[in-house]
Structures are given as structure tokens and as C-alpha cells.
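Peer 1: Handing you this structure, nothing more for now.
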Amino acid sequence: MPTEARSFEMGAAERLRLAEDGYVVREGVFSPAESAEIAAACEDLIARLQAARRHTKRRVGSYMFEISREAAAVVKWEPFSPEVVQAIEAFAHLSPRLRDCGLDRRLVDPCKAIVGEDDLALFTEKLNLKRARDGGQYILHQDFPYWEPMSPVAAQVATAMIFLDDATLENGCLEVAPGSHTAGKWPLRTDAAEFGREMDVGAFDMSRLRPLEVPAGSVVYFGAFLVHRSLPNRSGGDRRALLYSYQPAGHPHLFELHGLLPQAASHTSLRS
């Protein structure tokens, strides 16, 4: 974590790009050594949660979830490889190293331009995994429809996504639709209740998607309305990423709203 006092906030050129495209990419934010150390902390967390007592796995829409109330976390499993972890959400309370990463000014400062405020707090955090050849897709979506029912500030939430491995087309890199954030909330599926927060793919021009092929240590910053997805990992290596989502300070963490985390210091201000 950098110790210098300088700011990492977005400059005028990045703010213009953010307004037009809905996202900003910075390469080389984390060094190879930092990326490897953070990835090792992720693997330690995954191993601990895999070794813990198992709970019922439920299919919800396109995903398979397991809720661990003891760990106060949700484990997402690959639907077609149900013993392979796809994601872990809410982990800052489980790993001091990963908690500290979410406090890093290289992540927090740029997100101020998206949230529209200077005083931020964590809203949620997620570890996304695409294991070699087993890592599945993340369907086309916006984050906002998933958060809107729970949070009055869902529209302001900003996400910083750290790529811990090189992201390529072959391993299922993030794909974004520049400018899609300006349309607000896109139409959702209506064919079944469990798909109610998933985007109606038929109402979206998929040719708008652009792959973000970036080296490990890069970060992409985006808001709740950017349309994005990622395809399966067809490569022989993992594609791991950490996502920290920030909101205006003073609001509870998403998992407090879900009743999985106690009312605690998770919504403490990150003001430096």
C-alpha cells in the first residue's frame, strides 16, 4: 500500500473519458510482486472457505450460490462444475490483507469521481475467479439492478477491479460497452422471476462490447450503470480479479443490509 501523501484522483482527461465511456483503465497500478502477493492471499481465503462446512447450493438465475452465515460470505460456484469456486463476496472481514487492499488510495481516490463525493466507504467486495478451462462466463449485466432494491445510493456506487493475472480474450477478459452507462437502467428479462435482475440480451446491441485485454496489476474503474460481461476461460491459466465497490460514507455495507454482517465499522469513512 503506498505511503506517500499524494493523491491518485482522476485528472481532467480521465474524467472526460469517464463521462463519455463510463469507465477508466489504469495499467501498472500494482506491481508484479504486489499482484502475486494479493493473489496468494486470495488463494488462502479460497482454501479456507472450501475447507469449511458446506451449505446448500442454490441456483438463482444464471448462477449457483452458497450462503455461509458462519463466515458472513456468499460463495458462488461454477454451475457446470459445482466443485469449482467462481466468486466470493464480502471478504474484507475474513482477510486482513485483502481488507487493507480495499483501503488503498490507488483504488479509493479515483472512485471519488464516480461516486461524486470525497468521503467514501466500502459497499461490497468480491473475488472473481476463472479457473483454467473451468472458469465460466459472467452474463451481460449492469450492477445497479442487483443493488437498487437494497440501497438508496446504489446509483452512486463505484467499482475498482484489480486484475491479478493478465486478462486476455482467451481467458475471459472483461468486456465493456462504452457509453452504455448514459442510458440508465437497461431492460431486464421478464421470462421468469429468478431472472428478474438479468439484462434482456435481445434488447442490447452486442457489437458495442469491447474487450479489455490488460496486464496483471491493471485496474478498471466504473459505475453501476456500465454494461459489461466476460466469457469463459479457455486458457491453461487462471484469470483472477478483485472488485471493491465504494459508496458515500455513512451507509451500511451490502451484507449488513442482507443481515449477514452485524452493524459494525464496515461503513467507516475511508477519508484520508
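Peer 1: Kindly put Val219, Val74 in sequence by how many other C-beta atoms sit within 10 Å of each C-beta, fewest to most.
Peer 2: Val74, Val219
Peer 1: Okay, next question. For region 117-215, just the Cα atoms, rotate onto the principal axes and tell me the three extents in Å, largest first.
Peer 2: Rounded to whole Å, the extents work out to 39, 36, 26 Å.
Peer 1: Ordered by packing density, taken as the mean number of other Cβ atoms within 10 Å over each peptide's residues, highest first, how do 9-18, 105-114 rank?
Peer 2: 105-114, 9-18
Peer 1: Treating the beta-carbon of each Lys and Arg as +1 and of each Asp and Glu as -1, no other charges, what is the dipole magnitude of the chain about its Cα centre, to the nearest 20 debye?
Peer 2: 500 debye
Peer 1: Give the total of Lys-Lys pairs in the chain with Cα-Cα distances below 21 Å; include a pair only if its members are 8 or more places apart or on different chains.
Peer 2: 6
Peer 1: Could you work out the helix-only [θ] at 222 nm for the chain, with each DSSP H run of four or more residues adding -39,500 (n - 2.57) and the total divided by the number of residues, to the nearest 500 deg cm²/dmol?
Peer 2: When only DSSP H runs of four or more count, the value is -6000 deg cm²/dmol.
Peer 1: With 16 Å as the cut-off, how large is the P(r) tail for region 55-159, expressed as percent of Cα-Cα pairs? Working shown, then result.
Peer 2: On the way: 3588 of 5460 pairs.
Result for the distance tail: 66 percent.
Peer 1: Along Cα→Cβ, 7 Å out, is where each label goes; now give me the distance between the ones at Gln50 and Ala33 in nm to one decimal.
Peer 2: Spacing of the two 7 Å Cα→Cβ label points: 2.8 nm.
Peer 1: Using 7 Å Cα-to-Cβ label points, what is the Arg208/Glu9 separation (nm, one decimal)?
Peer 2: Those two pseudo-labels are separated by 3.0 nm.
Peer 1: In which sequence would Thr159, Thr190, Thr124 go, from the one with the fewest C-beta neighbours within 10 Å to the one with the most?
Peer 2: Going from sparsest to densest Cβ surroundings: Thr190, Thr159, Thr124.
Peer 1: Here's another thing I want to ask about it. Report Rg (one decimal) and Dmax (nearest whole number) for region 12-267, counting Cα atoms only, units Å.
Peer 2: 17.0, 49
Peer 1: Taking the Cβ of each residue in Phe222, Phe65, Phe123 as the centre, tally the other Cβ atoms inside 10 Å and list the residues starting with the fewest.
Peer 2: Least crowded to most crowded, the residues run Phe65, Phe222, Phe123.
No value in this document is a laboratory result; all are computed from the given coordinates. For clarity, every value in this text was computed on a predicted model and none was experimentally measured. FYI the Cβ positions are ideal-geometry reconstructions off the backbone, even for glycines, and counts take in every protein chain you see.
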